[in-house]
1. Quick one: length gained pulling Ala39 to Asn23 fully straight, 0.36 nm per residue minus the C-alpha distance?
2. Could you please state how large a percent of the accessible area of region 5-120 is carbon and sulfur, counting protein chains only and using a 1.4 Å probe?
3. Which value does Rg/Rh take for the chain over its C-alpha atoms, Rh per Kirkwood?
4. So how compact is region 39-105: Cα radius of gyration and Dmax in angstrom?
5. Compute the projected area of the convex hull of the Cα atoms of region 5-63, averaged over all viewing directions, and report it in nm² to one decimal place.
6. Using a Förster distance of 35 angstrom, determine the FRET efficiency expected from the C-beta separation of Thr49 and Thr117, and round it to 0.05.
Amino acid sequence: MSKHTLVLGASLNPARYSNLAINRIKSRGHEVKAFGLKAGEVNGVQIDTELMPYKDIDTVTLYLNPKRQSMYYDYVVGLNPKRVIFNPGTENPEFYNLLKQNNINYEVACTLVLLGTGQY
């Protein structure tokens with residue numbers, strides 16, 4: 001079953017974990033959307049630099065440090081994803097509470113590990 005995923009904090013740099021995540025999520029057959037500071041393309045996935053009103057997002061996977069996340073709280077909640085994954089370095093109890101208040105599940109985990117172990 002394809003899980004439409006938004007990579008928030010996407011990078012064009014192939015050495016960045018968000019870039020690796022785009023590639024691995026797509027290789028597992030999931031539809032990927034990406035938002036980052038620089039427009040471009042990663043493995044056929046366009047990185048948007050404007051927040052888009054995506055539909056049917058199952059998972060938002062975060063690659064933004066907690067200080068930069070607050071400007072995206074309303075956006076993420078408005079997408080109404082089934083879950084938000086907080087990758088290492090993105091842990092944010094304030095955001096966890098907001099997600100809980102809006103009945104959105106969250107995981108503190110590594111997207112790459114979840115994919116690699118079949119738990120995505």
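The values are calculated or read from the model by the stated rules, or taken from the named source; none is laboratory data. Model, not experiment: these values are computed from the prediction. Cβ sites come from the backbone with ideal geometry, for glycine too, and all protein chains shown count toward neighbours. Calculation scope for accessible area: heavy atoms of the full protein, side chains included, ligands and nucleic acids excluded. Shrake-Rupley method; radii C 1.70, N 1.55, O 1.52, S 1.80 Å.
1. Details: separation 16, 0.36 × 16 = 5.76 nm, distance 1.64 nm.
Taking Ala39 through Asn23 to full extension adds about 4.1 nm, to one decimal.
2. Numbers: 2990 of 6120 Å².
Reported share for carbon and sulfur atoms: 49 percent.
3. Numbers: Rg = 12.9 Å, Rh = 14.1 Å.
Using only Cα positions, Rg/Rh for the chain is 0.92.
4. Rg and Dmax of region 39-105, Cα atoms, are 12.3, 35 Å.
5. Working: hull surface 14.2 nm².
Projected over every direction and averaged, the Cα hull of region 5-63 covers 3.5 nm².
6. Numbers: r = 32 Å, r/R0 = 0.92.
For Thr49 and Thr117, the calculated efficiency is 0.60.
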